[in-house]
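The values are calculated or read from the model by the stated rules, or taken from the named source; none is laboratory data. Source: prediction; values computed, not measured. Note: ideal-geometry Cβ built from the backbone for every residue, glycine included; neighbour counts use all protein chains shown.
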């Protein structure tokens, strides 16, 4: 019986594949959703489960947030400071349908400390603790899940407002820049792995796999949009490296455009752009480059992806074509830039030497005072 059913299923799949229209494509690894926001995904998992259990009428997060505020455009409401709606909750039906005691489960992304075995340079194994992001299944009643959903919506309403406000403001700024203003949106791309046109087996593994650091971005002026990338054999991404990578593009922009106001836009990792060392260098460097006013704008956590990531992806595809199509070895930053310039790409390319990063590191004071509540800072203004 089971064998007959399997044969019928196999026949059905075979016929389906043969009759499949040409525009229907098989899913690939590229179709996965990646780099998603942890806050949004945890909320969505709970909303989806509540919807599947018929405990709520909607699962769209924006609609759920609108149900607990007077207006999603009102900062006071979204920051849960409005006296009229600060205690308002999403309407659920677990008690009406007698679901509140039913057991269920849902997924949660969380950080966890884990023990990992590592091997040191001498080949000796030792145990170390690492922070890992894991997706775990949690269990509870529908009532518990309802309480979790409402609690998370209360905390996340601020997050939703900040995202919308930032996108609107940055779009307005980009479209209304004055003659002397420039906006630079930037990010470190994932390091590029060097490629030889022909490789022996051992080159593909371990320390033989050399990498190149890519700092990508787009500079917007009133009359032009300038995509750029700075490339280095030095893999450091800290504040001195940030300003070494910025130095070449700022010098280029000062030579080619007449600007005295700069707006930086980036994501907010506390070891890079949002660190106290970077804030110190920002306060000092903007005047050294002749700017009279500057802002640094940190995008909301989990929502820092944008044009720089597109630049990084485009460069990596072009880089791979150099090794495959043009049969060229890419072994260092210089090879990469020379190869890409030969392709006449519209992206402005610059190399950053080790000594430039060391120079910025030497200018950094030893004891910089910490900045309180760094994660709550979304804009730093200097004038």
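Examine the stretch 214-231 for a residue that is assigned to a strand (DSSP E or B), modelled with pLDDT under 90 and touching a strand residue (DSSP E or B) at 6+ places or on another chain (Cβ under 6 Å), and state whether such a residue exists. It would help to see each step written out before you state the result.
First, the residues of the stretch 214-231 that are assigned to a strand (DSSP E or B): 214-220, 225-231.
Adding the requirement that they be modelled with pLDDT under 90 leaves none.
Within the stretch 214-231, not a single residue is assigned to a strand (DSSP E or B), modelled with pLDDT under 90 and touching a strand residue (DSSP E or B) at 6+ places or on another chain (Cβ under 6 Å).
From the set of residues in the stretch 98-122 that are in a loop (DSSP other than H, G, I, E, B) and either in contact with a helix residue (DSSP H, G or I) (Cβ under 9 Å, 6 or more places away or on another chain) or within 22 Å of residue 376 (Cβ to Cβ) (or both), which is modelled with the highest pLDDT? Give the derivation first.
The initial filter retains those residues of the stretch 98-122 that are in a loop (DSSP other than H, G, I, E, B), namely 98-102, 120-122.
From the residues that got through so far, the ones that are either in contact with a helix residue (DSSP H, G or I) (Cβ under 9 Å, 6 or more places away or on another chain) or within 22 Å of residue 376 (Cβ to Cβ) (or both) too are 99-102.
Working: 99: 68, 100: 67, 101: 76, 102: 84.
Filtering first and then ranking leaves 102.
Please tell me if residue 41 is under 21 Å from residue 159 (Cα atoms), touching a residue at least 12 places away in the same chain (Cβ under 8 Å) and in contact with a strand residue (DSSP E or B) (Cβ under 9 Å, 6 or more places away or on another chain). Full working, then the answer.
On the way: under 21 Å from residue 159 (Cα atoms): yes; touching a residue at least 12 places away in the same chain (Cβ under 8 Å): yes; in contact with a strand residue (DSSP E or B) (Cβ under 9 Å, 6 or more places away or on another chain): yes.
Answer is yes for this residue.
Only one residue in 316, 348 is surrounded by fewer than 19 Cβ atoms within 10 Å (Cβ to Cβ) and under 27 Å from residue 382 (Cβ atoms), so which one is that?
Values: 316 fails: under 27 Å from residue 382 (Cβ atoms).
None of the other options fit; the residue is 348.
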